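The values are calculated or read from the model by the stated rules, or taken from the named source; none is laboratory data. In this text, all values refer to a predicted model and were calculated from it rather than measured experimentally. Here the Cβ positions follow ideal geometry from the backbone for every residue, glycine too, while neighbour counts run over all protein chains shown.
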Amino acid sequence: MRYADEPHHDGSPLYVSTQTPSPGSRVTVWMRAPRAAGVTEVHVRAVHDGEPRYVAASPVSRQVSGYGETDVWWQAEIVAVNPVTRYRFLLRTSRGTSWLTAAGTVTHDVPDASDFRLVTHQAPPAWMSDAIVYQIFPDRFARSGPMRELPGWALPRDWDRDPVIPSGPGTAEQFYGGDLDGIVQHLDHVQALGADTVYLTPIFPARSNHRYDAASFDRVDPLLGGDEALHRLSGALHERGMRLLGDITSNHCGDSHEWFTAAVSDVHAPEREMFYFDPDTGDYESWWGVKTLPKFNWGSDLVRERVPAVLNRWLGPLDGWRVDVANMTGRRGADDYNHEVAALLRRALPEQAAFIAEHNHDASLDLDGDGWHGTMNYGGFTRPVWSWLRGPDLDLEHFLGVPGGVPSKDGLDTLATFRAFGSHMSWRSLTHSWQLLDSHDSPRVRTVTGSRERHLVALGLQATLPGTPMVFAGSEFGLTGVNGEHSRTPMPWKRPGDQDLTTLAAYRELFGLRRAEPALRHGGLRWLHADADCLVFARESAEETLLVCARRAPGAPLPIGARAEGVYNASDGDVLPGDGPSLRIFRLAR
């Protein structure tokens, strides 16, 4: 299906005059309409204090590189009246009227959920717009020396000889001994990928290898090297101009945490109010019924005092936080403090600290406020990419929790999912959300795709679509895994047979290209073509247009419609070749 002849607007600087509007400010918005669309009149509908208002747009002349030199640009000025001001375009043609929203053009009336948005809440830190995030599960990344003496619960494993236990007894206890100083020893590798931000899963002491059952928030686990090792790692990253993010459990702690042990041992303890205890049985609420993870009661003043203090205390060595199960934080039955909690925690942080929420389905109702900067975009990115590029022989029990394994979807369904999720959040939330192909909680992308070729197509989408790329350590070597536990494979530093160097080179090249091309970080997104096996889109700024063609299988060549220069895996020309799986990037001639 061809989309190049559709009118277009998005929230990027090419279409919106400011990315950081202040309350009450006037903002210029532009819409481009190919002449083939036949647009003769345009109004912008903006909602002020709950009531729609209309302002006429006027055709203007704009010099923009790439496609559409004959496009008509329409300009209007709207006011950012509310913290989130929704707007859309009303278009008139000889065929009637239509609406242009973030979900695309429709000829029927639609609810406001997919409207474009101006957000006047404090903007995310500027550095986040350029970030590429590298996720490290500390126990499996690198060990700086001999295995430390382990506590009785831990099951020692040999780094290169003992395979990871994927499920059943021993999964949370298997221990390979990675530590923070081991990460320091491999920062050249991380930086060579183009990553500038390291995200660590929890580093506080616990009774598991994953450490989501924190026993304390006051110190770094001695098994990782303690507080001193965190400062060494942070210092080494900051010297390179890189940043470090932590992982906090705002929904729960571990059952050995001093707050919980005080609460469970004395019904009159102040900490008792921090958790949900049944007054009759003394039982307590926990995450998904896992009794080692007692759930915080965010109706408690003591929780609201202590948890924000934890986040703020570790800033300095840390540059921000990823919040574990942020979607469940503050929610239990009739209690729903989630938005209050997100805002409370964000206020505890300085303006330059990142604040990303874990959410594995629809996060849109929790974004665009004064809380989370963005989400881990499993629903709007990981799932559609997996469904489009899954291998033919893939056999998984569920699809990130959805029963029945990974379904097979064509390119039209994939694009529909991208658009559906992207249209229910602001451009700001979308671009500051993490676009991930896998994580420590999911199967590896190489297992899902079943081949290097499709893996690299997925990587190409991650490197070129709007949003913040997040790479799980090891995927750049093509490591595999059938679930989150199985994917936590020790890095193959001394296992050359487990290093796919072709895949590694592609990660370096594609993320290097993202670093070099402003349009891939800050440009708009315009979809041009979709069919079962091919997706084509443009990343556009006023200065340049990059054209991306992703194919999962061979198909008919497609005309570009302009002379193009090959940028990645492509030759100069005016046709998109039909071979696949493939990922090609072109720069359109000015």
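Just wondering, is there one or more residues in segment 419-432 that are surrounded by fewer than 22 Cβ atoms within 10 Å (Cβ to Cβ) and farther than 28 Å from G523 by Cβ?
No, the conditions are met nowhere in segment 419-432.
Here's the yes/no breakdown for (1) without any contact (Cβ under 8 Å) to a residue 60 or more places away in the chain; (2) in contact with an Asp or Glu (Cβ under 8 Å, 6 or more places away or on another chain):
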position: G170; (1), (2): yes, no
position: F175; (1), (2): yes, yes
position: D179; (1), (2): yes, no
position: H189; (1), (2): yes, no
position: V198; (1), (2): no, no
position: I203; (1), (2): no, yes
position: A206; (1), (2): yes, yes
position: D221; (1), (2): yes, no
position: L224; (1), (2): no, yes
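Can you name every one of the strands (runs of 3 or more DSSP E) wholly within segment 542-585 that holds 2 or more residues which are closer than 16 Å to H455 by Cα and touching a residue at least 12 places away in the same chain (Cβ under 8 Å)?
Hits in segment 542-585: 545-551.
Every residue in segment 226-279 that is of a type outside the set (D, E, K, R), under 26 Å from the mean Cα position of the chain (by Cα) and not in a loop (DSSP other than H, G, I, E, B), please.
If the condition is that a residue be of a type outside the set (D, E, K, R), under 26 Å from the mean Cα position of the chain (by Cα) and not in a loop (DSSP other than H, G, I, E, B), then L230, L233, S234, G235, A236, L237, H238, L244, L245, G246, I248, H252 are the ones that fit.
Here's a check for you: in segment 398-417, which residue that is in contact (Cβ under 8 Å) with a residue 60 or more places away in the chain and not hydroxyl-bearing (S, T, Y) is farthest from D10 (Cα to Cα)?
Taking the candidates together, the pick is D410.
Of everything in segment 1-18, what is at pLDDT below 95 and either out of contact with any strand residue (DSSP E or B) (no Cβ under 9 Å at 6 or more places or on another chain) or acidic (D, E) (or both)? Give them in sequence order.
D5, E6
Assuming P34 fulfils every condition listed in (1) surrounded by fewer than 19 Cβ atoms within 10 Å (Cβ to Cβ); (2) at pLDDT 95 or above apart from one, which condition is it?
(2)
I'd like to check which strands (runs of 3 or more DSSP E) are fully inside segment 1-101 and have at least 1 residues that are in contact with a Phe, Trp or Tyr (Cβ under 6 Å, 6 or more places away or on another chain).
26-33, 39-48, 58-60, 72-79, 84-93, 96-101
Hey, among V220, V303, V307, which residue is crowded, with 18+ Cβ neighbours inside 10 Å and not in a helix (DSSP H, G or I)?
Matching residue, one of V220, V303, V307: V220.
Name the single residue that is farthest from S114 (Cα to Cα) among those in segment 43-97 being among the acidic types (D, E) and touching a residue at least 12 places away in the same chain (Cβ under 8 Å).
This residue is D71.
Hey, among R62, R32, R53, which residue is over 18 Å from G524 (Cβ atoms) and among the charged types (D, E, K, R)?
R53
Please go through segment 234-280 and give me each residue that is within 21 Å of R219 (Cα to Cα), out of contact with any Pro (no Cβ under 7 Å at 6 or more places or on another chain) and among the small types (G, A, S), ordered by number.
G235, A236, G246, S250, G254, S256, A262, A263
Can you name the residue in segment 137-152 that is among the aliphatic types (A, V, I, L, M) and out of contact with any helix residue (DSSP H, G or I) (no Cβ under 6 Å at 6 or more places or on another chain) and is also surrounded by the most Cβ atoms within 10 Å (Cβ to Cβ) among such residues?
Residue satisfying both the conditions and the ranking: M147.
Would you confirm, using the coordinates I've provided, whether Y134 is over 30 Å from E509 (Cβ atoms), out of contact with any Leu (no Cβ under 6 Å at 6 or more places or on another chain), assigned to a strand (DSSP E or B) and of a type in the set (S, T, Y)?
In short, no.
Please indicate, with yes or no, whether at least one residue in segment 106-114 is β-branched (V, I, T), at pLDDT 95 or above and crowded, with 17+ Cβ neighbours inside 10 Å.
Within segment 106-114, none of the residues are β-branched (V, I, T), at pLDDT 95 or above and crowded, with 17+ Cβ neighbours inside 10 Å.
Taking the condition of being surrounded by fewer than 20 Cβ atoms within 10 Å (Cβ to Cβ), farther than 18 Å from Y199 by Cα and in contact (Cβ under 8 Å) with a residue 60 or more places away in the chain, how many residues in segment 352-367 meet it?
Residues flagged as surrounded by fewer than 20 Cβ atoms within 10 Å (Cβ to Cβ), farther than 18 Å from Y199 by Cα and in contact (Cβ under 8 Å) with a residue 60 or more places away in the chain within segment 352-367 amount to 1.
Identify, by number, the condition in (1) of a type in the set (V, I, T); (2) in contact with a helix residue (DSSP H, G or I) (Cβ under 8 Å, 6 or more places away or on another chain); (3) surrounded by fewer than 17 Cβ atoms within 10 Å (Cβ to Cβ) that V402 doesn't meet.
Status for V402: all satisfied but (2).
Just to be sure before I move on: is G573 at pLDDT 95 or above and of a type in the set (G, A, S) in the structure I sent?
No.
Go through segment 144-202 and give me each residue that's closer than 30 Å to M128 by Cα, aliphatic (A, V, I, L, M) and assigned to a loop (DSSP other than H, G, I, E, B).
L193, A195
Count, please, the residues in segment 102-118 that happen to be out of contact with any Pro (no Cβ under 7 Å at 6 or more places or on another chain), not hydroxyl-bearing (S, T, Y) and not in a loop (DSSP other than H, G, I, E, B).
6
Any idea which of (1) under 15 Å from C253 (Cβ atoms); (2) without any contact (Cβ under 8 Å) to a residue 24 or more places away in the chain is the one S300 doesn't satisfy?
(2)
Report, by residue number, each residue of segment 512-555 that is modelled with pLDDT of 95 or more and more than 26 Å from the chain's Cα centre (by Cα).
Passing the criteria: A553, P554, G555.
Does E239 satisfy the criteria of being more than 28 Å from D362 (Cβ to Cβ) and either of a type in the set (A, V, I, L, M) or exposed (fewer than 15 other Cβ atoms within 10 Å of the Cβ) (or both)?
So E239 passes the test.
Quick one: would you say S17 is within 18 Å of S426 (Cβ to Cβ) and loosely packed, with under 13 Cβ neighbours inside 10 Å?
no
Please work out if Q75 is out of contact with any Gly (no Cβ under 9 Å at 6 or more places or on another chain), surrounded by fewer than 18 Cβ atoms within 10 Å (Cβ to Cβ) and at pLDDT below 95.
Here the answer is no, as Q75 does not meet what is asked.
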